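Asker: To start, I am sharing the structure in question, which I have written as structure tokens.
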Amino acid sequence: MKHGPIVRLGPSEISINCYEGGLRTVYTGGYEKHEWYPRLFGSFGTISMFSMVGTKQHSIRKRMLANVYSKSYLQGSSQLKAVTRTILFDRIFPILKDYASSESSVEVHELNNALALDFITGYIFGVPAGSNFLQEPSLRQKWLSIYHSRKIFEFYIQETPTLLSLSEALGIPLIPKWCTTANEYMENWGLEACDKADENISSTDPMTEPVVYRQLKQALEKHLIATSDSEPSEKDLAQLRLEVACETFDHLTAGHETSALTLTYLFWELSKNPELQDQLRRELRTLSPNVVPPTSGASPKLPSHKSIDALPLLDAVIMETLRVHPPIPGIQPRLTPADASLAGYHNIPPNTRVNAQAYSLHKNDDVFPNPDSWLPNRWIAPPGSSEIDEMKHWFWAFGSGGRMCIGSHFALQEIKLVVAALYTSFTTSVVDDQGMEPIDAYTTRPTSNKLVLKFGLA
Ligand code: HEM
């Protein structure tokens with residue numbers, strides 16, 4: 001705000017905070033990802049689509065997977081329908097009913113992580129090979145605590161690789177040994193899920209079909225055969241197993257933390273805002289059928305995705321939550337090519353690190369008046385309104401361009417259904433919201449890592 005839309009942060013690092021001459025230029029081509037990504041986000045000794053730096057390698061991988069995450073595929077997917085029905089009707093409704101009838105105080109952020117993990121792993125691996133963290137609290141607590149224990153060291157991996165190597169060479173490593181054990185636990189868990197999914201690779205039962213796993217494995221096998229002169233060796237196949245494990249593990253990590261954070265902040269905002277909660281409930285009750293707990297004997301049904309997408313307040317509440325509380329508020333670093341010009345500055349040297357961040361873009365008060373306030377109605381305007389178009393240019397929760405989030409439609413579909421399931425029949429109010437301010441990180445979370453709510457019957 002003080003220094004304008006382009007700021008030099010260091011000898012070879014700049015930050016941009018504008019659409020024209022900024023986002024539009026950097027993120028739509030020619031500016032490749034910085035090695036910052038593979039430094040942190042590699043696993044299984046390899047890298048995923050998310051952390052690939054080169055354009056060619058990345059676009060081959062993205063083409064393999066784009067279809068199974070496209071909106072039309074997801075909305076027509078009998079497999080995702082089976083996952084959704086299992087999670088909503090068998091797992092989450094009994095939990096919500098229990099919370100509402102006991103009127104006890106409930107910590108929801110852990111629950112949202114479990115919910116998001118069950119959703120994404122159910123779709124990637126099929127329900128039997130995916131997680132059931134909603135119904136297994138002690139397992140999810142163990143998993144989440146190991147997963148998060150490593151986070152405090154991310155900064156060193158991303159920003160100080162030389163210091164890291166030096167500290168290791170001197171025998172005083174900045175990253176403790178137990179992190180290796182934590183990484184091994186996560187990788188073994190991911191590999192086990194892949195191996196279980198592999199047993200069901202030929203399944204045609206929508207509940208069991210491992211949609212993403214199968215799509216990726218088959219596409220990688222085809223690519224391997226097409227690019228080598230001989231039959232794939234044992235070594236090639238072992239490497240392929242790790243490539244699939246790395247990619248799918250990345251999807252389940254990218255997919256659960258972000259969706260869980262959106263749900264937590266959305267529940268928080270609605271819990272502070274009972275009138276808007278009522279207004280949303282009235283809108284949700286126009287769906288046919290309603291997203292409500294199943295009555296005994298009846299086979300529960302879900303409304304069409306088209307009718308859910310047509311609800312303006314539901315959409316606005318989610319957009320505004322993603323704007324005010326972007327799950328990835330941190331920098332998305334790229335490298336300048338030769339002859340770069342940005343925000344009116346020319347001849348910017350090649351290989352300069354350039355970043356934008358949703359955190360700052362979403363605070364532009366020319367585009368989002370009163371930017372720190374959560375005001376969903378700002379997203380409800382007559383179609384074609386120029387203010388909405390401008391807000392959409394600056395809305396950056398999912399990034400933009402060729403490296404934009406591949407899971408955005410999956411996340412939005414999942415979040416809409418969960419919000420409909422909760423707020424059609426239940427109410428929430430705040431019990432303890434200390435520490436909701438986000439930590440300063442690439443993927444954030446509330447400082448307290450918790451939100452305590454009370455549930456009631458609407
Ligand atoms: C509310 C939920 C989500 C948010 C806010 C979100 C946000 C983002 C953002 C900002 C990026 C770009 C990051 C960068 O370039 O530094 C990204 C990329 C990505 N996201 Fe998401 N994401 C969400 C859900 C998901 C889900 C459900 C998946 C599951 C597949 C997923 C998988 C990915 C992958 C694989 C990439 C890398 C895409 C590429 O490099 O081409 N995300 N996401």
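The values are calculated or read from the model by the stated rules, or taken from the named source; none is laboratory data. Being a predicted model, the structure only gives us computed values, none of them experimental. Here Cβ is always computed from backbone atoms with ideal geometry, including for glycine, and neighbour counts include all displayed protein chains. All accessible areas refer to the heavy atoms of the entire protein, side chains included, with ligands and DNA or RNA removed. Shrake-Rupley method; radii C 1.70, N 1.55, O 1.52, S 1.80 Å.
Asker: On the accessible surface of segment 276-368, probed at 1.4 Å, how many percent belong to carbon and sulfur atoms?
Answerer: Carbon and sulfur: 52 percent of the exposed surface of segment 276-368.
Asker: Just the number, please: carbon plus sulfur as a percent of the accessible area of segment 1-87, 1.4 Å probe, no ligands or DNA/RNA counted. Can you show the working numbers first?
Answerer: Values: 2280 of 4250 Å².
Whole-percent figure for carbon plus sulfur exposure: 54.
Asker: Now a separate question. Distance check, please: which entries in 2/272; 62/222; 71/97 exceed 21 angstrom between their Cα atoms?
Answerer: On the way: 2/272 32 Å; 62/222 15 Å; 71/97 31 Å.
Listed pairs above 21 Å: 2/272; 71/97.
Asker: Would you kindly calculate the translational diffusion coefficient of the chain, applying Stokes-Einstein with the Kirkwood radius from alpha carbon pairs, for 4 °C and a viscosity of 1.567 mPa s, and quote it in µm² s⁻¹ without decimals?
Answerer: Details: Rh = 23.4 Å.
Result for D is 55 µm²/s.
Asker: What FRET efficiency comes out for the pair residue 286/residue 431, r = Cβ-Cβ distance, R0 = 35 Å, nearest 0.05? Show your work: numbers first, answer last.
Answerer: Numbers: r = 30 Å, r/R0 = 0.86.
Once the sixth-power term is evaluated, E becomes 0.70.
Asker: Please calculate the 1.4 Å probe accessible area of residue 380, with all protein chains present, and give it to the nearest 10 Å².
Answerer: Taking all protein chains as shown, residue 380 has close to 80 Å².
Asker: For segment 221-312, what does the relative contact order come out to in percent, with C-alpha contacts under 8 Å and a separation of six or more? Write down the numbers at each step before the final one.
Answerer: Numbers: 24 pairs, mean separation 12.6, N = 92.
14 percent.
Asker: Can you give the charge dipole size of the chain about its Cα centre, rounded to the nearest 20 debye, using +1 on the beta carbon of Lys and Arg and -1 on the beta carbon of Asp and Glu?
Answerer: Result for the chain is approximately 500 debye, rounded to the nearest 20.
Asker: Just the accessible area per residue of the chain, please: how many Å² with a 1.4 Å probe?
Answerer: 46
Asker: Projected area of segment 232-272, taken from the Cα convex hull and averaged over every viewing direction, in nm²? Don't jump to the answer; show the numbers that get you there.
Answerer: Working: hull surface 10.3 nm².
One quarter of the hull surface, i.e. the mean projection, equals 2.6 nm².
Asker: Where does the charge balance sit around residue 197 when Lys and Arg score +1, Asp and Glu -1, over other residues with C-beta under 14 Å from its C-beta? List each step's numbers first, then the result.
Answerer: On the way: positive: 196, 214, 217, 241; negative: 192, 195, 198, 199, 205, 209, 247.
Here the charged neighbours net out to -3.
Asker: In whole Å, what is the distance between the alpha-carbon centres of segment 319-391 and segment 420-458?
Answerer: Segment 319-391 and segment 420-458 have Cα centres separated by 25 Å.
Asker: Give the distance, in whole Å, between the Cα centre of segment 132-182 and the Cα centre of segment 225-280.
Answerer: Using only Cα atoms, the two centres lie 19 Å from each other.
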